[in-house]
Amino acid sequence: MHIRLINPNTTASMTDKIGAAGRLVAAAGTRISATNPEAGPVSIESHFDEAISAVGVLEEIRRGDKEGVDAYVIACFGDPGLLAARELTAAPVIGIAEAAFHLATLISTRFSVVTTLGRTCIIAEHLLQNYGFAHHCRRVRAAEIPVLDLEDDGACARDRIIDECRRAKVEDGIGAIVLGCGGMADLTDEIREAVGLPIVEGVTAAVKLAESLASLRLGTSKHGDLAFPRPKPFSGRFDYLGN
Ligand code: 2AL
């Protein structure tokens, strides 16, 4: 089974980290590969970044299908391009936010999310509402770190995340915390030990869900709205997408 982790931003060190986190939890016999788009934002921390990154995600899905990938993970906490990706492929596609929310509800009645910058909290809040998880989430919190601080060992990002998780544990009345960025994928064990709560991390959650779906031979439904897009010409620089 080949699972492709798509990091929607173009920072190669984060892509490598996401791949390594996936390999640590993958079953024997599961192949994990990690890619990122050739072009797009180096980090995703706004609606604009998300919109641009979605095109790169969809290009990676097209490439993966030509290579025979069995399941995909979109490894950014806004799940950019998720439904469009599902239209493009018959393989399962899992977003890390939806994966983490699902797993958090199986081990706690209430959870909080700890993400990067305050301005991105609304992205997670919209997803919670759209996915039907809003009642399970007490609060979306920000450690106020830019995403790329997670790539910089000297930036104390880990300590700020742990501080915010400790505040969530004391103030939110929760049983678990969801980490709100793909770049946090290597921090789960340290944060769990420092905070003393179950810490649900989306990349690893999504890998296990993708493995489950693929091994159950459950692919994205091609009946209804997730059917392949209707063939049509695309103009200008998107003409390669047309048929
Ligand atoms: C993210 C993420 O997971 N990757 C990225 O570049 N931005 N999300 C976030 N809330 O910071």
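Readers should treat all values here as calculations from the given coordinates under stated rules, not as data from a laboratory. What you see is a predicted model, and the numbers here were worked out from it, not measured in a lab. Here Cβ is always computed from backbone atoms with ideal geometry, including for glycine, and neighbour counts include all displayed protein chains.
According to the Kirkwood expression over distinct Cα-Cα pairs, how big is the hydrodynamic radius of the range 71-194, in Å? When all Cα pairs of the range 71-194 are included, the Kirkwood radius is 14.8 Å. In terms of distances greater than 23 angstrom between alpha carbons, the cross-link table entries Lys17/Lys208; Lys66/Lys232; Lys17/Lys169 yield Lys17/Lys169. For the chain, leaving out every one of the trypsin sites (Lys or Arg not before Pro) that falls in a DSSP loop and has at most 15 other Cβ atoms within 10 Å, the longest unbroken run is 1-216. Note on the range 54-124: Rg/Rh from C-alpha atoms, Kirkwood Rh, equals 1.04. Average projection, convex hull of the Cα set of the range 130-218: 7.0 square nanometres.
What separates the Cα centres of the range 169-194 and the range 127-157 is a distance of 10 Å.
Each part reduced to its alpha carbon centroid, the range 197-217 and the range 17-89 end up 14 Å apart.
In the chain, the longest principal axis of the Cα atoms and the axis of helix 47-67 are about 50 degrees apart.
Here the chain is treated as a sphere whose radius is the Kirkwood value from Cα pairs; by Stokes-Einstein at 10 °C and 1.306 mPa s it diffuses with a coefficient of 88 µm²/s. What do you get for the angle between helix 96-107 and the principal long axis of the chain? Use alpha-carbon atoms, 0 to 90 degrees, nearest ten. Rounded to the nearest ten degrees, it is 50. Stretched out straight at 0.36 nm per residue, the stretch from His126 to Thr109 would grow longer than its current Cα-Cα span by 4.2 nm.
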